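Just below is one structure, and these are the notes that go with it.
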Ligand code: URA
């Protein structure tokens, strides 16, 4: 994430960010989707989950991770004792890519000022990238989610703990245990977040 693109949102101007995001026309994805889907959750607890982009259900409801993958994510979080509202959940792009394809580089770049502003506001100590698109965009291009999931990756003041995207579990049931394990680690980290 390039610092020179950071927008500064002092004074808790999260509401301002949300209303600016709703008006965003920085890329053509907005022309084809129903609405901009902003992140949501705790601005205090300094933990972020970041997915790829809204799907059909998110596009319809205007909230991240509310479809089938989101339900599974909720179940896994509940199992390990994490409350969804205690984390901040967002996506790399805020508008649904057509046919749920992965967002393209120019779309992710166009959307990045919103994500950067969310990161400035939440000031996460831990970011959990969900799936390879988020891992590669947020941490480093070319990293394999299969080999990096469950591993702490330190970048300056920030710790990344990547895991599989919950939608991947539908195609690879064996991945559910891995994701559950990674969320247990996240839960432990959440209990000592101020020490990180
Ligand atoms: N998949 C994502 O990456 N994000 C969502 O919000 C929903 C599904």
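Scanning the stretch 70-81 for residues that are surrounded by fewer than 21 Cβ atoms within 10 Å (Cβ to Cβ) and either part of a loop (DSSP other than H, G, I, E, B) or near the ligand (Cβ under 9 Å from one of its atoms) (or both) returns a single hit, 81.
If you filter the stretch 86-102 down to residues that are in contact with a helix residue (DSSP H, G or I) (Cβ under 8 Å, 6 or more places away or on another chain) and part of a helix (DSSP H, G or I), you find that the one that is nearest to the ligand (Cβ to nearest atom) is 100.
Among the numbered conditions (1) farther than 30 Å from residue 13 by Cβ; (2) out of contact with any strand residue (DSSP E or B) (no Cβ under 9 Å at 6 or more places or on another chain); (3) away from the ligand (no atom under 16 Å from the Cβ); (4) at pLDDT 95 or above, the only one that residue 173 does not meet is (4).
Go through the stretch 44-59 and give me each residue that's surrounded by fewer than 16 Cβ atoms within 10 Å (Cβ to Cβ) and either within 11 Å of the ligand (Cβ to nearest atom) or modelled with pLDDT of 95 or more (or both). Lay out the reasoning, then the answer.
At the first step, the residues of the stretch 44-59 found to be surrounded by fewer than 16 Cβ atoms within 10 Å (Cβ to Cβ) are 44, 56.
Matches in the stretch 44-59: 56 only.
The set of residues in the stretch 26-35 being part of a loop (DSSP other than H, G, I, E, B) and within 16 Å of residue 109 (Cα to Cα) consists of 26, 27, 28. Condition check: within 16 Å of the ligand (Cβ to nearest atom), touching a residue at least 12 places away in the same chain (Cβ under 8 Å) and surrounded by fewer than 18 Cβ atoms within 10 Å (Cβ to Cβ). Does residue 164 satisfy that? It is false that residue 164 is within 16 Å of the ligand (Cβ to nearest atom), touching a residue at least 12 places away in the same chain (Cβ under 8 Å) and surrounded by fewer than 18 Cβ atoms within 10 Å (Cβ to Cβ).
Residue under question is residue 155, and the condition is that it be within 16 Å of the ligand (Cβ to nearest atom) and either surrounded by 20 or more Cβ atoms within 10 Å (Cβ to Cβ) or at pLDDT 95 or above (or both); does it hold? Against the criterion (within 16 Å of the ligand (Cβ to nearest atom) and either surrounded by 20 or more Cβ atoms within 10 Å (Cβ to Cβ) or at pLDDT 95 or above (or both)), residue 155 does not qualify. The criterion of at least 3 residues that are within 14 Å of the ligand (Cβ to nearest atom) is met, among helices (runs of 4 or more DSSP H) falling completely within the stretch 103-150, by 105-122, 132-138. Go through the stretch 87-108 and give me each residue that's closer than 30 Å to residue 193 by Cβ and out of contact with any strand residue (DSSP E or B) (no Cβ under 7 Å at 6 or more places or on another chain). Listed by number, the residues that qualify are 93, 94, 103, 108.
The values are calculated or read from the model by the stated rules, or taken from the named source; none is laboratory data. Computed from a prediction, not measured in an experiment: that's the story for all the values here. Cβ sites come from the backbone with ideal geometry, for glycine too, and all protein chains shown count toward neighbours.
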